[in-house]
Structures are given as structure tokens and as C-alpha cells.
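Bear in mind that the values in this text are calculations on the coordinates, not laboratory data. The structure presented is a predicted model; accordingly, all values stated were derived computationally and were not measured. Methodologically, a virtual Cβ is constructed for each residue, glycine included, from the backbone with ideal geometry; neighbour enumeration extends over all protein chains shown.
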Amino acid sequence: MARSITRYDKLLATFEDLVAAISDVQEPMIAILCSSWESTKEQYEQALRSGVTKSQIASGMEQGLRELPMLFHGVGGEHRSRLLNVLHTAVAKNFPEFFKTDAALLASVVERNRIRNAREYYSVRHRIDELESEASNFGERERLYKLVDQFES
């Protein structure tokens, strides 16, 4: 019987592809991210051996994936666009449903006009980061900024 690919497996493959594709970027934050990846995988394996579930680790990995655009925002302009494109490509290849899930989550937050928790917050922040690289969609970006401001206050 074929083994099903778990969310953990998809996220692991996403991060593997991402790290491999950005390891040549000469930026301190990116160098730290890439150099720590092997030890991070080892920590995941130790956690699994100690009884932590793949689902629990995957939840943390998803959060990390959502936070990467904010990390990339602090990187020099010439690299930022490439990093975001590589991230998008790695997710689209290994975990395409991540985008659909986040899009549905974002739509429900906008419809409700309120962010309820950290997961929703990071989903909104991720979308803002995407919109900041575009000159259009000013209205959507401003609406999302208002939601973030309300949540943070």
C-alpha cells in the first residue's frame, strides 16, 4: 500500500527546495536560515522520536512559512523579489494547497472584518507583504493594514 504524503512531508520538501535555491544569497539573515536548516531537521527527527507528532511539527513549520515573507522584507531590495519568487515556487511545487487554505482563511477574515488569532494575523501579514511589491491593489492593502492595526491594539 502506498504511503500517503503528510503535511509534514510536504513542508519538509518545501523548505528543502527553498534552502537549496537561496543558499547562494549573500545576506546575513539568509545565511543563518540556510546554515541552520540541517540542525533544524535533526531537531524535528528528535522530536518525532520523543513522541511529538508530525502534525504538531507541521503546524510550527506552516507558521514559519507564513513568516518568511516578513523575514525576506528585511533583505536588500535586489534579493527580496527573488527570495519571494523562490518561496512561491517551492510552495507551489510541494504544497500547493497551502495557498488555497490561506486564501480561504484570508477571505473569511476580510468578510468578518476582524483578525481573531495569530494564524489569521500572519495570513493577513503575508498578503500585505505580497501586495507591497505591487503598485496596484492599494485599496486591498489599506483594508488589510486596518485589520492588522485593530488586532495589534
Note down the magnitude of the dipole of the chain about its Cα centre, charges +1 on Lys and Arg C-beta and -1 on Asp and Glu C-beta and zero elsewhere, to the nearest 20 debye. 600
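For n ≥ 4 DSSP H runs only, could you compute -39500 (n - 2.57) per run for the chain, divide by its residues and tell me the 222 nm figure to the nearest 500? Display every interim value, and only then the final one.
Values: 7 runs with 122 residues, N = 153.
Per the formula, -27000 deg cm²/dmol.
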Could you pull the Rg and Dmax for region 97-153, using just the Cα atoms, both in Å? 10.7, 32
May I ask for the angle, rounded to the nearest 10°, between helix 138-152 and the longest principal axis of the chain, with both axes built from Cα atoms and the value confined to 0 to 90°? 70
From phi via Karplus (6.51, -1.76, 1.60), per-residue ³J(HN,Hα) for region 3-12 in Hz, x at Gly/Pro: 7, 6, 7, 7, 4, 4, 4, 5, 5, 4
Give the angle, between 0 and 90 degrees and rounded to the nearest 10, that separates the Cα long axis of helix 28-49 from the longest principal axis of the Cα atoms of the chain. 60
Computed from the coordinates I sent, Cα extents along the principal axes in Å equals one of (1) 46, 36, 31; (2) 62, 34, 28; (3) 67, 58, 24. Tell me the label. (1)
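What does the charge count near residue 67 come to, summing +1 for each Lys or Arg and -1 for each Asp or Glu among other residues with Cβ under 12 Å from its Cβ? Intermediate results must be reported in sequence, preceding the final value.
On the way: positive: 66, 119, 125; negative: 62, 129.
Result for the local shell: +1.
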So, relative contact order of region 73-153 in percent, Cα under 8 Å, 6 or more apart, is 27
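By the scheme Lys and Arg +1, Asp and Glu -1, what is the net charge of all other residues having a beta-carbon under 9 Å from that of residue 54?
Working: positive: 7; negative: 9.
Value of the local net charge: 0.
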If contacts are Cα pairs under 8 angstrom and at least 6 residues apart, what is the relative contact order of the chain in percent? 26
Just how large is the dipole of region 97-153 about the Cα centre, in debye to the nearest 20, putting +1 at every Lys and Arg Cβ and -1 at every Asp and Glu Cβ? 280
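For the chain, which span is the longest to avoid every loop-located (per DSSP) member of trypsin sites (Lys or Arg not before Pro) having at most 12 other Cβ atoms inside 10 Å?
Working: sites that count: 3, 114, 116.
In the chain, the maximal stretch lacking such sites is 4-113.
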Roughly how tilted is helix 97-112, in degrees to the nearest 10 and between 0 and 90, from the longest Cα axis of the chain? 30
Mind checking which lysines have their C-alpha under 20 Å from residue 100, skipping anything on the same chain fewer than 8 residues away? 10
If the cut-off is 19 Å between C-alpha atoms, which aspartates and glutamates fall inside it for residue 41, apart from same-chain ones fewer than 8 positions away? 9, 16, 17, 62, 67
